[in-house]
Structures are given as structure tokens and as C-alpha cells.
1. Every residue in the range 142-167 that is within 16 Å of the ligand (Cβ to nearest atom) and without any contact (Cβ under 8 Å) to a residue 12 or more places away in the chain, please.
2. When you go through (1) part of a helix (DSSP H, G or I); (2) at pLDDT below 95 one by one for ASP34, which number turns out not to apply?
3. Identify, please: which residue in the range 87-102 is buried (at least 23 other Cβ atoms within 10 Å of the Cβ) and in a helix (DSSP H, G or I) and is, among those, farthest from the ligand (Cβ to nearest atom)?
4. Kindly indicate whether VAL114 is crowded, with 24+ Cβ neighbours inside 10 Å and either part of a loop (DSSP other than H, G, I, E, B) or within 11 Å of the ligand (Cβ to nearest atom) (or both).
5. Quickly run through the range 16-35 and pick out the residues that are touching a helix residue (DSSP H, G or I) at 6+ places or on another chain (Cβ under 7 Å) and polar (S, T, N, Q).
6. Could you identify the single residue in ALA225, ALA171, ALA217 that is in contact with a helix residue (DSSP H, G or I) (Cβ under 9 Å, 6 or more places away or on another chain), on the phi > 0 side of the Ramachandran plot and within 16 Å of the ligand (Cβ to nearest atom)?
7. Restricting the first residue to the range 37-54 and requiring it to be without any contact (Cβ under 8 Å) to a residue 40 or more places away in the chain and small (Gly, Ala, Ser), which pairs with a second residue that is surrounded by 16 or more Cβ atoms within 10 Å (Cβ to Cβ) and not in a loop (DSSP other than H, G, I, E, B) meet a Cβ separation below 6 Å and a spacing of at least six or different chains?
8. Can you spot a residue in the range 250-257 that is closer than 22 Å to LEU189 by Cα and of a type outside the set (Phe, Trp, Tyr)?
Amino acid sequence: MTQGDWRRAASADQVRSVVRTIDPSVAHIARVQDYWLGGKDHFEADRVAGDEAVARLPDMVASVRNTRAFLGRTVRFLAGERGIRQFLDIGTGIPTAANTHEAAQGVAPESRIVYVDNDPMVLAHARALLASSAEGRCAYIDADIRAPEKILAAAADVLDFRQPVGVVLMAVLQFVPDEDQPHEIVRRLMDTVPDGSYLVISHPASDIQAAAMAGMATRLNQLMAQRVKPRSREAVTAFFDRLSLVEPGVIRCPEWRPDRLEDASGKSTMWGGVAEKRPPAV
Ligand SMILES: C[S@@+](CC[C@H](N)C(=O)[O-])C[C@H]1O[C@@H](n2cnc3c(N)ncnc32)[C@H](O)[C@@H]1O
């Protein structure tokens with residue numbers, strides 16, 4: 001099983017065969033993230049990497065949690081204030097309490113969500129991501145963001161690309177090194193969705209607590225299967241080129257339209273932003 005709707009494709013044997021591909025001896029970001037979020041799907045190597053990261057960047061756990069809150073706020077904003085009913089969430093992570101479909105379908109039960117990740121542990125937990133409302137639909141694609149055409153072709157089973165889509169890239173682009181052209185990947189995704197679509201990004205900042213962030217990234221890159229590349233506010237803003245940034249622009253995640261004013265001062269070493277694809281001015 002490499003792509004498609006889990007409900008159609010998965011059997012218990014297939015789940016077992018996926019689980020067999022999981023290597024517990026090397027840390028993987030999906031499991032490290034699960035450890036930081038207080039989940040239970042991680043191994044010793046993930047906990048060691050997670051603790052070593054926190055030793056170098058003590059705000060890490062608060063930052064990860066505030067980024068999840070940013071996910072909920074941005075998806076509710078798009079569903080509630082901008083009428084978006086379709087979401088493509090790439091780099092989904094191991095399911096937690098507030099996934100994209102829960103946020104979107106909490107506002108509009110008919111929302112359709114396609115999840116994408118390349119980690120077998122996420123695939124093994126994909127059922128939790130597919131607990132759609134009766135009116136909506138969820139699907140899971142096992143794919144790498146560096147293959148956007150594959151993702152878009154598979155997602156077209158569930159998403160109608162003639163209608164606006166919210167493209168959600170939450171804490172995933174840092175795993176695409178510059179040589180794999182992450183800005184070009186984002187451009188290809190946004191070229192496929194129609195005007196009225198939105199892009200949501202969160203990304204670790206190389207220019208907030210710069211020394212601690214650099215030390216954390218260096219250590220994680222020694223311990224994890226995936227390599228992490230923090231980026232500056234300028235480089236993160238460049239992902240939104242040719243799109244129209246929603247106020248307040250690219251900002252620390254807790255400062256993006258906080259539910260309560262006091263939440264804006266929450267700890268975060270992540271840049272976040274939302275932008276709309278608009279028709280070219282005539
Ligand atoms: C830091 S976690 C973020 C999870 C979730 N989006 C969040 O914000 O809590 C990064 C996720 O991206 C996935 N990922 C990393 N590199 C990827 C790639 N090249 N293609 C697809 N997913 C990737 C990892 O497996 C992991 O689940």
C-alpha cells in the first residue's frame with residue numbers, strides 16, 4: 001500500500017507489514033514529536049534525541065505545543081472565516097487530540113481532508129486520522145513531500161481541485177534541504193490549487209534564539225534519520241511568494257491571531273503564516 005484511502009486499502013496484514021519497517025534504533029522526527037507532545041508512540045532513541053534537543057533549546061516543548069495550537073487556529077480560521085472546505089495536510093505527524101479534520105469538521109462537518117506523511121509510524125496510526133464526520137471525508141497518502149505530483153494525483157480522489165484548498169505544511173519544510181528545492185515544491189503545490197486557496201506554513205526559525213536553535217539542529221542531525229534545517233524569517237516568507245499574506249503576516253506562531261491576547265507571549269521558536277492565492281491583478 002503506497003497511497004490512497006486507508007479504509008479501502010488497509011488490512012491487518014498490511015498494518016503488520018508496515019510496522020515491520022519501523023526501525024526503533026534510530027530516532028525519527030514523527031516519534032520525537034510525539035514524545036514532545038506527551039504521546040506514547042516513541043522508542044528509547046526518540047526520547048534520547050528529544051531530550052538532547054530540549055537540553056539545547058529549552059523552549060522546544062512549549063514551542064511544539066504552541067505550533068499545534070497554531071494549526072488549530074489557522075484551520076478554524078480558514079474553515080470559519082474563509083469558507084475553506086478542503087485541506088491537504090502534508091507532514092501530518094502521529095495523530096494527536098486536535099488534528100486538522102477535527103478542527104475543520106468542528107466548523108464545517110462536510111470538510112474533506114487528505115493527510116500525507118512518509119513515516120511508517122504515522123501510516124500505522126492512520127486510522128485515527130480517518131475518523132471523519134459522516135458528512136465529510138478523510139484520506140491518508142503515504143508519500144514524500146518531495147514528490148508533489150504523486151501527492152496531487154492521489155489527493156484528487158478526494159479533493160476537487162476546481163474548488164479552493166487549504167494547503168497545510170506544518171513543521172515539515174525544515175526536512176527538505178535547499179538542494180531539494182523546497183520553495184519550488186511549494187510553488188508546484190500552489191500552482192495546482194485554484195485562486196481562493198490558502199497556504200499555511202510553520203517552520204523553525206534560524207533567527208530566534210539563533211545560537212540555541214543552531215546547537216539543537218546540529219545535535220538532532222547527529223541523532224535523527226531526518227535532517228533538520230531551520231530557516232530565517234526572510235526564507236520562510238519567500239515560501240509565500242506570489243501569494244497574498246493574511247494579516248499579521250509571518251510572525252512567531254503564538255502571535256498569529258491568538259484566541260486570547262495573553263497567548264501571544266507564548267514561547268515559540270517557529271515562524272508561521274497564512275496566505276491566499278489570488279487572481280493576478282489586471
Ligand atoms: C515535526 S513533525 C510535524 C507534525 C505536525 N505537522 C505538527 O505540526 O505537529 C514533521 C512530520 O513531517 C513528516 N515528514 C518529514 N519529512 C517528510 C517528507 N519528506 N515528506 C513527508 N512527510 C515528512 C514527519 O514524518 C513528521 O510526521
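The values are calculated or read from the model by the stated rules, or taken from the named source; none is laboratory data. Note that the coordinates shown come from a computational prediction; the quantities given were computed from them, not determined experimentally. A quick note on method: Cβ atoms are made from the backbone with ideal geometry, for glycine too, and the neighbour counts reach across all protein chains shown.
1. ALA147, ALA153
2. It is condition (2) that ASP34 fails.
3. HIS101
4. So VAL114 does not fit the description; no.
5. THR21, SER25, GLN33
6. ALA171
7. Here the result reads GLY50/VAL32; GLY50/TYR35; GLY50/TRP36, each pair linking the range 37-54 to a residue that is surrounded by 16 or more Cβ atoms within 10 Å (Cβ to Cβ) and not in a loop (DSSP other than H, G, I, E, B).
8. yes
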